[in-house]
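Each remark here refers to the structure printed beneath this line.
Bear in mind these aren't lab numbers, they're just calculated from the coordinates by the rules spelled out. Computed from a prediction, not measured in an experiment: that's the story for all the values here. A quick note on method: Cβ atoms are made from the backbone with ideal geometry, for glycine too, and the neighbour counts reach across all protein chains shown.
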Amino acid sequence: MIRTRILVAVTFFASPTLAAAQDRPLALVEHVTAPAAEIGAFDYLYDDDKIDLRPDGVMRIAYFDSCIVETFTGGVVKLDKKKEAKISKGGVSNREARPCQTAALALSNEAKEAAAAVKRVSPFDEGEWREISIATTTPRFVWPHEKEAGKTATVSIYLLEADPAELIWQGEAAGNSLVYPEDAPALETGLPYRVAVAIDGKEQNAAVFSIDPDLEMPDGVLTTAVPLGL
């Protein structure tokens, strides 16, 4: 499986229609071409969010809980935690299922099986933390937008195999996502890592993840990214 690793500039998209302080996000934006919508790739979408794609904008989103990917063209999209999304005002949509770990992640049978597939260097209790297993060694870390535009996020990666946890890399992002650099310390297969995002020195979101190159899942935003704040 060939993986393309591209480091992209992180841009903050401030939008009055997307409230990052809401409950758990429902979906992640994979792609969008609709300047008036005021959202960007890797933004989280929440219940009751409305995205105006008129007249001919396109948006593709991945639902965290179902691994469904839906593409919308034109119209107005409204997120609904019961029905996932509805489109109106002349828009159309197309849905497809992709194999992936559900975003309940270690709460789902699929995720537990994926986590168990990693050969542990030391004993690991799945009930102690909820872990995300990914195949790529350069994952993208994604977290909810900060309320105030322009805030810089500090992203820290810790090796949990060490006691106490060892800080192995730290970087900054001017938005809500960051790709682990290829020139950073290599992430090793089977070891548990913790990623934490801090704003103004205060930790906002964190997640535990590991690398399993044998995961048989196609490349996609939910198979190569580590979502925080779920």
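If the segment from residue 184 to residue 50 were pulled out straight at 0.36 nm per residue, it would be longer than the present Cα-Cα gap by 44.4 nm. A crude spin-label estimate for the pair residue 93 and residue 38, with each label 7 Å from Cα along the Cβ direction, gives 2.2 nm. Distance between the pseudo-spin-label points of residue 163 and residue 82 (7 Å out from Cα toward the beta carbon): 5.0 nm.
Using the Cα coordinates of segment 24-66, the gyration tensor eigenvalues translate into equivalent-ellipsoid semi-axes of 18, 10, 8 Å, sorted from longest to shortest. At full extension, residue 152 and residue 214 could sit 18.9 nm farther apart than now, given 0.36 nm per residue minus the alpha carbon distance. Rounded to whole numbers, the Karplus 3J(HN,Hα) couplings from phi for segment 132-141 are 9, 9, 9, 8, 7, 8, 10, x, 9, 9 Hz, using 6.51 cos²θ - 1.76 cosθ + 1.60 with θ = phi - 60°, and x at Gly and Pro.
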